[in-house]
Amino acid sequence: MKKLYFAILCMASTFAFAQVTVSTITSEFNGSGGLSLDDEGNLYIGDFGDFLGMADPDGLPNHVMKLDTDLNLTQYSTDFIGASGNAFDNSGVLHQSDIRANGIYKIVNGVRTFVTSDGIVAPVGIVFDSADNFYVCNCGNNTIRKVTPGGVSTAFASGSQFACPNGITVDENDNLYISNFSNTNIVKITPDGSTSIIGNTTAGNGHIDYDPVTRNLYIASYSGHQIFHLNIDTLVMGVLAGTGVRGNDDGDGTSATFSTPNGVAVTQTGDSIYINCAVPLSGDLINPQIIRLITGVTLAVEENTIASYKHTSYPNPANKSITVEAQIPLVYSSLTVRVYTILGELLDEMEIANTGETIRQTLDISAYTSGNYFYTASNGSKQLFNGKFIKE
């Protein structure tokens, strides 16, 4: 399924998450691979297998499962050795990678058909761009492969930024975003194949998905047992849900826990996210799984503050410098202030110690060109306030 992309014109506003809630919505089943949603809201779940680093000892085929909107769970397709990542093309046809077969398949009405194995080495995540080319995360050799609708397979991206590239998603401009399994990097790939690291989680990652409504990436930190969000404009990253302790406790985003979360699928409205988690809470066994649903992922625009900490900035408009003042509780011992262009390009970053008195920081903007800018103040992954200014 191709997400419905909306044209959104955003000024330099920053968004705050409303209260999110995490719920378990299925009983236990085998489904440790990737997740994808079709146009009708049905969820498709690959089964990578019972163990992360070895083939299943039972010798039985692994399935792709379907969870419909009434939460009925059925087998959709079978005969996979390791059904890892999956995605829908622009015609609504599900494609599934098989990491242990080194191949990509398409599935129509539950019947799978081989697509390609050319240049495919331990594939995980796959995604389609607007021209129906699909891209494959080759975990086995740290590359990204491109396959055209005609079946031509070529190398697209590689480099030290990749360490078992695992998850992959695409935005409305055909930029790709990769989450690595073996390190914390989140990597952006432009349509011409240029790569850059745009963020880092705290541990190795599972899959990644993009929401065009909020322009957020959502990342399952497999080893960190948390769900992260990363805005592609501001490059501000934070924890959406999960304490970081391995578990499967439901509750609000600050108290819920996750056990090796892997697949991520954001609904078209952007207000809910599906995650699969391992029931075992220790060791190498990753099946059975359960599906968790994160709800309340709505965003409220706030003009001045994310965490209700008032601040002021002056003069505004400004020519040579702008001063930012705020009073922040001592629980936040330091702040990181970042300045961005209106397009989200990071221009400056500085650390400020919190002494318990009014924080006052002067920003030198003399070298900036005339126009609109915005700034954020954060403590770790928590954004405390943001604002905007005009350079004359």
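Annotations
- In segment 237-261, the qualifying residues are those that are open to solvent by 20 Å² or more (accessible area, probe 1.4 Å) and among the polar types (S, T, N, Q), and the one that is modelled with the lowest pLDDT is T254.
- Among the residues of segment 56-73, those identified as more than 15 Å from I25 (Cβ to Cβ) and surrounded by fewer than 20 Cβ atoms within 10 Å (Cβ to Cβ) are D56, P57, D58, G59, L60, P61.
- Scanning segment 280-294 for residues that are in a strand (DSSP E or B) and not charged (D, E, K, R), we see that the one that is farthest from T267 (Cα to Cα) is L285.
- Per-region count, segment 135-146, residues open to solvent by 10 Å² or more (accessible area, probe 1.4 Å) and within 17 Å of G33 (Cβ to Cβ): 2
- Consider segment 24-40 and keep the residues that are among the small types (G, A, S) and under 19 Å from S77 (Cβ atoms). The one that is farthest from the chain's Cα centre (by Cα) is G31.
- Among the conditions (1) within 15 Å of G387 (Cα to Cα); (2) part of a strand (DSSP E or B); (3) open to solvent by less than 80 Å² (accessible area, probe 1.4 Å); (4) not aromatic (F, W, Y), the only one that N316 does not satisfy is (2).
- When segment 41-65 is filtered for residues that are within 23 Å of the chain's Cα centre (by Cα) and assigned to a strand (DSSP E or B), the ones remaining, listed by number, are L43, Y44, I45, G46, V64, M65.
- Scanning segment 262-275 for residues that are open to solvent by 10 Å² or more (accessible area, probe 1.4 Å) and in a loop (DSSP other than H, G, I, E, B) turns up N262, T267, Q268, T269, D271.
- In summary, G224 fulfils each of the numbered conditions (1) surrounded by fewer than 19 Cβ atoms within 10 Å (Cβ to Cβ); (2) assigned to a loop (DSSP other than H, G, I, E, B) with the single exception of condition (1).
- Yes/no for V213 being open to solvent by less than 50 Å² (accessible area, probe 1.4 Å), at pLDDT below 95 and aliphatic (A, V, I, L, M): no
Condition check ((1) on the phi < 0 side of the Ramachandran plot; (2) open to solvent by 40 Å² or more (accessible area, probe 1.4 Å); (3) not in a strand (DSSP E or B)) across all residues:
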position	(1), (2), (3)
I328	yes, no, yes
Y340	yes, no, no
L347	yes, yes, no
I352	yes, no, no
G356	no, yes, yes
R360	yes, yes, no
L363	yes, no, no
S366	yes, yes, yes
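- Any chance T154 is at pLDDT below 95 and more than 11 Å from the chain's Cα centre (by Cα): no
- Checked against the criterion of being aliphatic (A, V, I, L, M), open to solvent by 20 Å² or more (accessible area, probe 1.4 Å) and closer than 28 Å to D271 by Cα, the candidates I208, I198 yield just one match: I198.
The values are calculated or read from the model by the stated rules, or taken from the named source; none is laboratory data. Quantities reported herein were computed from a predicted structural model and do not represent experimental measurements. Using ideal geometry, Cβ is built from the backbone for each residue, glycine included, and neighbour counts are taken over all protein chains shown. Side chains are part of the model used for accessible areas, which takes the heavy atoms of the whole protein and leaves out ligands, DNA and RNA. Shrake-Rupley method; radii C 1.70, N 1.55, O 1.52, S 1.80 Å.
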